[in-house]
Amino acid sequence: MGDLLNNGFFLSIVAWPGVILACALINMLFHWSFSWSELILDFLAGVVIGVCFYFGTAKDANAASHFFLVFSSGLFGLLHALGVKALEARDVLFGVSAAAIAGSVLLTSALDLATRKVGLRMSVGGGLLSIPTALLKLPFSFCTTAVGLLIFLAGLFTSFVRRETRVGFLGGVPYVEWNSDVADSYWATTIGATFMVWKGTVDNVLKHELYHTRQYVYLHDWLIPFWLLGGLWGLASARISEGSASFSDFSGARGDKEVGNPLERAAYAADAT
């Protein structure tokens, strides 16, 4: 296996795409939904992650290669880039990273399900479940999560002076309800291991956004670039299927068929059921 992992083609076409696809299927299973279009984007993301892993673990890897290794692998890529001896070998790093990603997706899927059973709003039980969940979600998308935490801090300070802005911690991630007084609509965005409820309250969006937080575990910081690519797919699929397309096809998906952004498709399919 070690020799195979030194083959860039095997690593980027077979090994990492296989890990990403397996994790995506676990995520879909616990969300009780399925999307073949997401799996296509997951495969492509796996190829990119594999390429970055191959060059980032080369003996002569430069700073840029190490950056993209961290961008593609999170904590374990960072430890390798910092020269931690236990993760120096490519095959060891792959085995540890793949096991950690798959294990985290499996455990966070179960913990998120338990969180939703406890309640869709912040509570003592949900908060306690969030502690181990946070430890499993935080290590995988450093760049995007850093942006999310900065926005969360802005929301925290805003909550002191604006009654309708509230902050919380549920499903292992901090969140902000920016305009909780809105009752007839809701809009939210997951940013790494955080999410922002721009309109509405957390109970309306929790299941959907927690699905995305688990996507970040296996897609890492590549989720946003591939989400944007998925938006273009969404516009094209809507145009072909419906004869027209709108921004909602870019940013969302249909719940009843494979139309819209693939990285939103399974989340919307489960919401529809």
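So here's what we get for this one:
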| read-out | value |
| --- | --- |
| Residue check, THR133 buried (at least 19 other Cβ atoms within 10 Å of the Cβ), more than 16 Å from the chain's Cα centre (by Cα) and closer than 18 Å to HIS208 by Cα | no |
| Every residue from segment 178-191 that is of a type outside the set (A, V, I, L, M), under 20 Å from the mean Cα position of the chain (by Cα) and closer than 20 Å to ARG162 by Cα | TRP187 |
| Some residue of segment 92-111 being under 19 Å from the mean Cα position of the chain (by Cα) and farther than 23 Å from GLY18 by Cα | yes |
| Tally, over segment 215-232, of residues that are crowded, with 21+ Cβ neighbours inside 10 Å and farther than 23 Å from SER97 by Cβ | 1 |
| Options ILE40, ILE49: the member that is touching a residue at least 40 places away in the same chain (Cβ under 8 Å), within 18 Å of LYS137 (Cβ to Cβ), of a type in the set (A, V, I, L, M, F, W, C) and not in a loop (DSSP other than H, G, I, E, B) | ILE49 |
| Odd one out for GLY83 among (1) part of a helix (DSSP H, G or I); (2) farther than 24 Å from LEU136 by Cβ | (1) |
| Enumeration of residues in segment 116-130 that are loosely packed, with under 14 Cβ neighbours inside 10 Å and under 15 Å from GLU209 (Cα atoms) | ARG121 |
| Segment 192-227, subset among the β-branched types (Val, Ile, Thr) and within 8 Å of the chain's Cα centre (by Cα), residue farthest from ARG265 (Cα to Cα) | VAL217 |
| Count of segment 132-169 residues which are without any contact (Cβ under 8 Å) to a residue 24 or more places away in the chain and in contact with a strand residue (DSSP E or B) (Cβ under 9 Å, 6 or more places away or on another chain) | 8 |
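Bear in mind these aren't lab numbers, they're just calculated from the coordinates by the rules spelled out. The structure presented is a predicted model; accordingly, all values stated were derived computationally and were not measured. Every residue, glycine among them, receives a Cβ derived from its backbone with ideal geometry; neighbour counts consider all protein chains shown.
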